[in-house]
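Here the structure comes first, spelled out in structure tokens, and everything after it is commentary.
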Amino acid sequence: MGSKPKQREAELNFEGAMDRLEKIVEQMESGKLPLEDLIVRYEEGMNLVKICQERLANAEQKIEIIARNSAGKTVVKEFEPTQEPETPARVADEPASTNDEIKLF
């Protein structure tokens, strides 16, 4: 394994990261690795999890852009991140109501 060059994060796709992560889990579950190697594999695994989460978030954003196209055509646009207001924070700031009455408007 030491002879295989490490792939850079930018070159690693979701599937590649998942494959490597699965191999790391198998190695760690085997119980044959010394503690130092387990720590190294754990760190690498956490980096791979981060890469997978980023790739999934990007894919989800692209899907949302495609779904929002009002012209009905499937046009992929580059995602431009925007900050969404934190709805839960606003709800949490409201005083808790003990009134069980349901308000429609």
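Readers should treat all values here as calculations from the given coordinates under stated rules, not as data from a laboratory. Note that this is a predicted model, so its numbers are computed, not measured. Note: ideal-geometry Cβ built from the backbone for every residue, glycine included; neighbour counts use all protein chains shown.
The simple spin-label model puts a point 7 Å past each Cα toward its Cβ; for Glu60 and Asp37 those points are separated by 3.6 nm.
Multiplying the residue separation of Phe14 and Lys50 by 0.36 nm and removing their Cα-Cα distance gives an extension gain of 11.9 nm.
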